[in-house]
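Undergrad: Have a look at this one before I ask anything.
The values are calculated or read from the model by the stated rules, or taken from the named source; none is laboratory data. Being a predicted model, the structure only gives us computed values, none of them experimental. Using ideal geometry, Cβ is built from the backbone for each residue, glycine included, and neighbour counts are taken over all protein chains shown. When the accessible area is computed, the model is the full protein with side chains, heavy atoms only, and any ligands, DNA or RNA have been set aside. Shrake-Rupley method; radii C 1.70, N 1.55, O 1.52, S 1.80 Å.
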Amino acid sequence: MVGPRPSTETDAYRQHQPAAVKALAIGLPAKAWRTITWRQGMNEKLTSHFARVRVRAAHRDYWQTTRRLEEWLLIEWPKGEDQPTKYWLSTLPEDVAFRTLVETAKLRWRIERDYQELKQEVGLGHFEGRGWRGFHRHATMCIAAYGFLISERETIPPSGTRHARPILLDRIPADYRPRGFGAADPTSHSKFDRDDATAPRTWARPNAVEMSLLCDQVRPLDRSSFVTQ
């Protein structure tokens, strides 16, 4: 006879039933909430109320044989709202600063904005090739150009004079040869015997052979036969 299927529930799951994040957020004490400013906006500083709690995710926890690792649960409850509006799960270290946790969570908007500008303004979305190598080169050039534009934008404050700052360039090694360089070695195995291609002849042949031409069979072109529409 086949016995019942063994349970995979952990002891932690039996002792602690999962709780909804909304109920957890509403039940937090007032001292758990802090007002944090994460960056300067267009007109004013971006500020909101946040709380953070160390939790273990309980999604399908009944399938787990071991306890999940603790994570940060970041909760945002803006002023004037009846309930929390946003939640984040973060794997940042336990000793991370509260403001750093908020700034990292809020980076998503800036990343989406950068990606939108890369596609629309710089040309990342204009690639029409089919191979990975071509797309890799195209994306590399777009990201490099966008990085240069961002570095230039930082030198132009919203108000005031421009703070010019030189861009530090890394020294290129003396033996560096870019791909496709004309003077580069045709093969990476320099010890192999090879026959280099002959240089193209751009001069006239010294002993050119004359070609006979039957002049009596060449008739002048009758221009009156051409009709344009």
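Undergrad: So for the range 55-104, taking the charge dipole from beta-carbon charges (+1 Lys/Arg, -1 Asp/Glu), which of 98, 80, 69 sits furthest toward the positive end?
TA: 69
Undergrad: Right, something else. Mind ranking 39, 56, 130, 67 by accessible surface for me, highest first, 1.4 Å probe?
TA: Final ranking, largest accessible area leading: 130, 67, 56, 39.
Undergrad: Roughly how big is the range 14-82's charge dipole about its Cα centre, with Cβ charges of +1 (Lys, Arg) and -1 (Asp, Glu), in debye to the nearest 20?
TA: Using only the charged Cβ atoms, the result is roughly 280 debye.
Undergrad: Then there is this: Taking a probe of 1.4 angstrom, what is the accessible area of residue 106 in Å², to the nearest 10?
TA: Its heavy atoms expose roughly 30 Å² to the probe.
Undergrad: Sticking with this structure for a sec: Measure off 7 Å from each Cα along the Cα-to-Cβ vector at residue 95 and residue 135, then give the distance between these two points in nanometres to one decimal.
TA: 4.2
Undergrad: Further question: Where a Cα-Cα gap under 22 Å defines reach, which lysines qualify for residue 79, not counting those fewer than 8 residues away within the same chain?
TA: 22, 31, 45, 106
Undergrad: Continuing with this model, one more query. Could you give the length gained by full extension between residue 114 and residue 40, i.e. 0.36 nm per residue of separation minus their alpha carbon distance, to one decimal place?
TA: The residue 114-residue 40 span can extend by a further 25.0 nm.
Undergrad: Sticking with this structure for a sec: At 7 Å along the Cα-to-beta-carbon direction for both residue 28 and residue 60, put a label point, then send me their distance in nm to one decimal.
TA: For the pair residue 28/residue 60, the computed spacing is 2.8 nm.
Undergrad: Continuing with the same structure: Please list 77, 38 in order of solvent-accessible area, largest first, computed with a 1.4 Å probe with all protein chains present.
TA: Listed by decreasing accessible area, they come as 77, 38.
Undergrad: For the range 6-128, what is the Kirkwood estimate of the hydrodynamic radius, computed as the reciprocal of the mean inverse distance between distinct Cα atoms, to one decimal in Å?
TA: 17.2
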